[in-house]
Every structure is written in structure tokens, then in C-alpha cells.
Amino acid sequence: MDTAFWEKDIETIDRGALETLQLERLKRTLQIAARAPYYRSILTPEKIASIRSLRDLPSLPMVDKKDLRENFPYGFLACDPKDSVRMHSSSGTTGTPTVVFHSQNDLDHWTNLTARSMYMAGMRKSDVFQNMMGYGLFTGGLGFHYGAERLGALVLPTSAGNSKRQIWFMQTFGTTFVHIVPSYALRLFSVFQEMRVDPHDLALKSFFIGAEPHSEALRLQVQDLYGVRAYNSYGLSEMAGPGIAFECGEQNGMHLWEDEYIMEIIDPATGEVLPDGECGELVLTTLCRDAMPLIRYRTHDLSRIIPEPCPCGRTHRRVERMRGRSDDMLIIGGVNVFPLQIECAMMTVPDIGNNYVIEIRNEDYLDRIYIKVEVNPRCFTGSLEGMDDMKNRIVNAVRTELGITPKVVLMEPNSLPASEGKAKRVVDLRRNDYKS
Ligand code: AMP
Ligand code: ZN
């Protein structure tokens, strides 16, 4: 076995052979999907027969979270619910959840992809893997759990929360790999400081960070604070969960596993498919799912396919770090703003702390951005007085990047509410009639 790869043949497959495999799998997927109530009238035998090449894919309609909700719970199920073995749901906290059903075969495929992803990032049988993602309906916990076991690592299923105990586990069992939400990784560091433990003294090697948008600067901060390599991990429950796209040792974009998913980047406004290299919304089609195949699912995640081949030798194309979600976009005084752009701008100011929240208010009929940001414990002397210079630097950084002037409120270290799961970064306090 080549020790750089989990499955060398498939990871380095020639592009032509990969596309042949995709087409074969797509045809099979369409046949299976046609059994689901939602697809029955769409995927007629004539329609399926008209898909002769991958270029015909855009002739099929796209689906959205809204369709999953409207057809809740079984409308997309292509088998008897009794023939599926597990259900997961997305992490949305309001309204009808989107639920996804898996057969044992689906879970086996997912497990293999998560094992392949973690192996690519250097995890091996001898490693100790602490899985700090929530276990349960959310896919972050169970998804990587089975992959790490398949790989042969020792898995500590600690789930999210109880920071002091997490650190104790790391110390006691010599954790080498950690799976964690990036915003929580920053908060956990302050607990390390409180306990006077230096993570550099532990056996930690790498963090897998994902589940929420984060900037390159935040990744570098995690690497620096913990003395580890932090790998970006992307996934969504509708496509299984984590393990859909993952960074290799190059840490420059995430290989999206194209033997199991077809990716397209579309213009979110027109739905038109964009050429490689252009930024737009990621649309995914499952290729190996039996219980609940999804064709052209709109993720609403904004990214770009990196057209250049990766030096690691894998032929599956890479997607760039997600820039946010098309439905996350804020319109502030007519300017389109993504929360991640604000994070990128703020991160250029040294001495900002581990947590921030963006509030949108309406004052005198004008939209205003308030950024509440914690100061770094390193430069906090017990009072926020006299820190105007730092405040001004954040205002300037955001103004230069986005052309809007925020109000910055500095906060004491660890004073903002912290989440162990996905962070809630934006609070919109505008009255509905003021929202653009
Ligand atoms: P869920 O289905 O609840 O697991 O949420 C999936 C969503 O989380 C995705 O559609 C993305 O918006 C977000 N997400 C997951 N991983 C990442 C990542 N590495 N970078 C940015 N956003 C992510
Ligand atoms: Zn690579």
C-alpha cells in the first residue's frame, strides 16, 4: 500500500476514467431516485434516457432545502423507510428540520470517505482521535467517528462541551488529532490558559476544523495557538455530513470527492453553470446514495473550483475555502456584505480576542453594523479604558475592506456567549420593515 493514500487508485484516477465512472454512477442514481415520490414525475424514463453525458446534467432541475422541507419527511426517500438504518438532520434550529435517511450501504460509503479524508490529513492507526463535535442528529460527531474507527485510530467520542474535561482527556490519553468547530477552538484556548496548560506541551498534531465558515486568518490563529496543523473540512447533512471535501497536506483548497459527488458551480441569481475558477454557489449530486439520492442540490455555499491540479497527485478537483452562504448575505445600507468579509478584515488587527458578534441595527432609518469583539487576554490589563487605538484600527480595517463604517464595541476576554457548536455570528436587530 502507498502510505500517502487511503485508496491510491481512486484518489489519483485519471480524469477521463473518473468522468466515465461518474456518468455510470449518475445513471444508476437517476434510476434509484425515480422511486422517490418527489422525483417520480420529474425523472421519467424518457428524461433519464436523455442523460447521455455529464454535460446533460444541467437539463435536470435543481433542488433546495425548501423542497426537502415541503416534502418532509419521506418525499425524497427512494426506499421503504424501514429499509434505511439511520436518520440525520441539519443543524438548523428553527422550523421543520431537513432530514436525511441512510441505508447501511450509504453509511459504509460515508465512513470510507471520512476515513479517506482523515488519512489524507495524516491520521493513522497509531493516533488518538478526540471527536469534539456534537453526537446526535447533527452529522459532525457520528460521521467522523466511524471513519476514524475504520482507519484504526483510538477514538475518544467526547462530543462537544465540558472544556476542562476535554483538556483532561487530551492530557491523559495523549490526543493527537482533534475534530472541532473553529470558533470553539478559540474559546477552548482560553480554558487552556485558565488551567495554565500550554497546548504545545501536549501530543497534539492536527485539528480538523469545519462545520462553519471561517477565514484563513482564523485557521492560522488556531495553528499558532495550539502548535498544530488545522485542516479545513467541509460537508453538509444533505450530502451525508463531513467528509465531502477535505484539505490535503498542501492546505490549499479542499479536494471534493468526485467519485461520490458531482459538483457544479452556478450563478446563484440565474442558475447558470459557471466555468471552473469562477465564484458562485456549489451544487452537488450524490452518486453512491441508495436511500435518498439528491440531484443538483443547491448548497447555498459560495466557493470556486480551483482549476489547477494539486501537487499532492490527487485528481479530484479542489474547492476553495467557503466564502459564506448566499443566504447569509447582509445588505447594509445597500452594500452587500458577507459576515466572513468582516472577520477577514478584523483579523488583520493583532490583539483581537477569541470571539466576536456582529449586530445589525437600524438607527435613524440607517442600517448600522455594530461589532462586539473581545480583546485578546494578552493585552487586557483589567480595563477597556484607553484601548481606542485598537478600536480605530478595527473600524479602519472594515472600512477599507467593505466601504462601510462599523461601530466597534470592545469587550472583555471571554465575555461574549460562546457556543460549542456552530457559532452564531450575526444578530439582526432591525425591525422587519427596515430590512432591505
Ligand atoms: P449541516 O447540514 O447542519 O451540517 O450544515 C452544513 C453547512 O455548514 C454547510 O452547508 C455550510 O454552510 C456550513 N459548513 C460546513 N463545513 C464548512 C466549512 N468547512 N467551511 C464553511 N462552511 C461550512
Ligand atoms: Zn492535494
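Below is a table of values for the structure above.
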quantity	calculated
Relative contact order %, segment 335-436, counting alpha carbon pairs below 8 Å whose residues are six or more apart	37 percent
Distant-in-sequence amide H partners of residue 411 (H built 1.01 Å from N, under 5 Å)	373, 374, 375
For the chain, size of Cβ-based charge dipole, Lys and Arg +1, Asp and Glu -1, in debye	640 debye
16 Å Cα-Cα reach of residue 125 towards aspartates and glutamates, excluding residues that sit fewer than 8 places from it in its own chain	2, 7, 149
Average accessible surface area per residue within segment 1-112, 1.4 Å rolling probe, Å²	54 Å²
Virtual paramagnetic centre 7 Å along Cα→Cβ of residue 428, amide N under 20 Å, in segment 256-278	268-270
Cut-off under 5 Å, modelled amide H: who pairs with residue 230 long-range	207
Residue-normalised accessible area of segment 243-378, expressed per residue, 1.4 Å probe, Å²	33 Å²
Relative contact order of segment 1-108, pairs being alpha-carbon contacts under 8 Å that are 6 or more residues apart, as %	21 percent
Accessible surface of segment 277-436 [probe 1.4 Å, protein heavy atoms]: carbon and sulfur percent	49 percent
In nm, spacing of pseudo-spin labels at residue 267 and residue 20 (7 Å Cα→C-beta vector)	3.5 nm
Sites matching chymotrypsin sites (Phe, Trp or Tyr not before Pro) across segment 352-436 that sit in DSSP coil, with at most 14 neighbouring C-beta atoms within 10 Å	365
Net charge over other residues, Cβ less than 14 angstrom from the Cβ of residue 144 (K, R count +1; D, E count -1)	0
Mean Cα-pair separation over length for the chain, i.e. relative contact order, pairs under 8 Å, 6 or more apart, %	14 percent
Residue 276-residue 137 pseudo-label distance in nm [points 7 Å out on the Cα-to-Cβ vector]	3.9 nm
Extension gain (nm, one decimal) between residue 220 and residue 105, 0.36 nm per residue minus Cα-Cα	37.7 nm
For segment 420-428, Karplus couplings with θ = phi - 60° (6.51, -1.76, 1.60), whole Hz, Gly/Pro x	8, x, 5, 6, 9, 8, 10, 10, 9
Carbon plus sulfur fraction of accessible area for segment 64-179, probe 1.4 Å, in percent	53 percent
Label-point separation in nm, residue 52 to residue 162, each point 7 Å along Cα→Cβ	6.1 nm
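The values are calculated or read from the model by the stated rules, or taken from the named source; none is laboratory data. For clarity, every value in this text was computed on a predicted model and none was experimentally measured. Positions of Cβ are generated from backbone atoms using ideal geometry, with glycine treated the same way; all protein chains shown enter the neighbour counts. Quick note on the areas: whole protein, heavy atoms, side chains included, nothing else; ligands and nucleic acids left out. Shrake-Rupley method; radii C 1.70, N 1.55, O 1.52, S 1.80 Å.
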